[in-house]
1. Give me, ordered by chain and number, the residues 5 or more places off V317 or on other chains with an amide H under 5 Å from its own placed amide H.
2. Once Lys and Arg get +1 and Asp and Glu get -1 on their Cβ, which of G314, V43, V101 lies farthest toward the positive end of the dipole of the chain?
3. Among the GluC sites (Glu not before Pro) in the stretch 307-394, which ones are in a DSSP loop with at most 14 other Cβ atoms within 10 Å of the Cβ? Mind listing them?
4. Any idea which of T650, Q450, I382 is furthest toward the positive side of the dipole for the chain, if Lys and Arg beta-carbons carry +1 and Asp and Glu beta-carbons -1?
5. Calculate, for S540 and E211, the FRET efficiency according to 1/(1 + (r/R0)^6) with r their C-beta to C-beta distance and R0 45 Å; round to the nearest 0.05.
6. Over all directions, the average projected area of the alpha-carbon convex hull for the stretch 337-406 comes to how many nm²?
7. If I compute Rg and Dmax of the Cα atoms in Å from the structure I just sent, which labelled value in (1) 29.7, 108; (2) 45.9, 133; (3) 27.4, 92 lines up?
8. Along the Cα→Cβ direction, 7 angstrom out, place labels at K133 and A370. What is the inter-label distance in nm?
Amino acid sequence: MQSYKCGGNGMEVVRFTFKTLEECIEEACKELNISEDKLEYIVIENKKGLFKSKATIEVKVQENENSHNEIEENGDENSQVNIESEKNTKQLNTNNGTVRVENGKIIVNNAIGGGKPPCIIPPKNLSVFVDGKEIKESTELSESSIIKICQNEEVPQRFLNIQIDNNRMHAFVTIKYVPQYIYKLKDIPKTTVLRLEEEILQENYPPMYSEEEIIEALNSKNVVYGIIKENINKCLDKEGVEEILIAEGIPFLPDEEDIIDIKFKGNDLSDKISDEVQKVDFKNLHSIKEVKRGDIIAVKHNGKEGQDGVNIFGKEVKRPKNKRKLLKVGQGALINGNTVIAGLEGKPVYKNGTFYVFPVHEVVEDVDIATGNIDFIGEVIIHGNIKEGMEVKAQGKITVDKNVAGSKLFSKSDINVEKNIISSEILGGGEDVEILNVIDCLEKMRDNVQELIVAAEQIRNLTSNDSKDGEIIKVLIENKFKNIPKLYFKLLRYKNLDNEEKDEVLEIIKNKLIGLGPIEIKGISELYKIVEIIENKLKSLNKQVTLPVNVNIGYSQDSIIKSSGSVYINGKGEYVSQILAKYEVVFTNENAVARGGLIEADNKIECAEVGSEGGVITKLQVGKKGHIYAKKAYQNTVFLVGSREYVLDTCSRDVHVYLDSQGEINVDRLKE
């Protein structure tokens, strides 16, 4: 609150500042002893906020001829200001009563001639009684008032708390001391309205807890074991302690588990064991040796026994005892003491705690209704054909000496088909192929987003308009980066490899880059976060990919050939097929023809003749660092390197397609 004169009109302006307008009006009425309906004021400021509010009003009052009081401005908006006299310059209204504190005593002077009586406001930590009644607010005084100052009834206090954790292995102590404060009144010069203030005269602390008392408190909680002597000594201080460890039990030592030392690699080859073995005719099988009869395939090492513990209540804590591991064997394996040995020559397998030795499966006839589908843990050799509608699955290598028609071949290892594949699906590498497809899409998505960042930053630097970053990104995606939505929808077609309900990568791409999502982007920096999430996903997926496998075929027609490694076509070529490989697709026959369909690899495609004189469309696609070679290519052959595309307009030979250092597609060729 502050005051100043209005020049020459006998009026004085008093300014009141508080949190709210209502508080300003209430305080003005109180200080000027006037009702609200007669208060004339002007609102200077009325600011309301979540964390800070402020209001200021100005009130004009008639200046008293005998008073030249000046109300000093107080920086604290929430406190009432004592009006103090200034010696030799200003004088209190001589008619008003006064009150002061001197040497801790309250001295009162009565008002005269209709002046205001003096008032006091009680302090926070002392009780004030006037004429036998305790006052809680501003109270008028006279020289005859009986004023009594009383200390609040506080006594020194101390607190000790013992906390025990749920497993009863640790106890913690907290000790606090609360002193009694003896206050006295501060001396304050005389004024009409006096807010009493106190100061600490004396602090009286309660007696400190002794070592015996602390131990007694522990005993009352049944804590009798593992008491830490040096930490008790830390508690003997008036400052107290906060959750200090005071007792600790001895934890149990668990038993060491038995260890089964497996002496062969690739012991996780089987997803199923019990049923598929029976699906294959074992009568004419010939073994491919991986272990010999009598070879040691596993040894069990017995673990050591642990030790029981003791809790802070002094009670024994039993350790959980591990179950002893038992050696179990199935077909082809034998137990000798703590050792598992091979009972025949073949492939050792460990699944669900059981050891097996399986031979390689060899089928000397066609795979058809008579044999049934083949689903085997090891390697499969088929000397005949695979007939329409049949499936062959193997964890090991698949070799087919003749043809595959209308069938499916699935292997986690290499696949070799000596002759023709017609209207079939060949999958070499198992789940790795799916993972590699996802990796390929994510790598392309990452590259597109990185290019999008560069383009968006260039536009932002070149323009001075008020376009938001999200709007710029949306326009770029719709016009220049149309491949981003295409890649997103392609990713949706692949199964969720992490078995999560929601994939973080797909979610952020959907929310930030698809449809109206870019409008929600507040800054280009959000695109860097998308790149980071994609990179993390790529690292995770790459760890899941095992060694690449290869697919070797003679000829493919109207089929799908996929490999987590490379595809080699050793016969007359392919016709209207999809051939997809992680590394390379190579036509090894000089006269091989690639006619129609899609051939895709990351690193290299090498072929002899591509397309036809009739202009059938054949697509050859590699990654942005890849190369495409063709001895002869007809018009309408489509070459794709990274995101760049080139359609051949005329028959050419010795074709080499790649990206140059500027990222532009380069086609070296000789025209026919």
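1. Residues meeting the criterion, in which the H sits 1.01 Å from N, are G309, V310, N311.
2. Sorting the options by dipole projection puts first G314.
3. E365, E388
4. Result: I382.
5. On the way: r = 57 Å, r/R0 = 1.26.
Step by step, r from the Cβ atoms, then E = 0.20.
6. Mean orientational projected area (the stretch 337-406, Cα hull): 5.6 nm².
7. Recomputing Rg and Dmax of the Cα atoms in Å here gives the entry labelled (2).
8. About 11.9 nm separates the two model spin labels.
Readers should treat all values here as calculations from the given coordinates under stated rules, not as data from a laboratory. On a predicted model such as this, the values are computed, not experimentally measured, just so you know. Quick reminder, even Gly has a Cβ in these numbers, built from the backbone with ideal geometry, and neighbours come from all protein chains shown.
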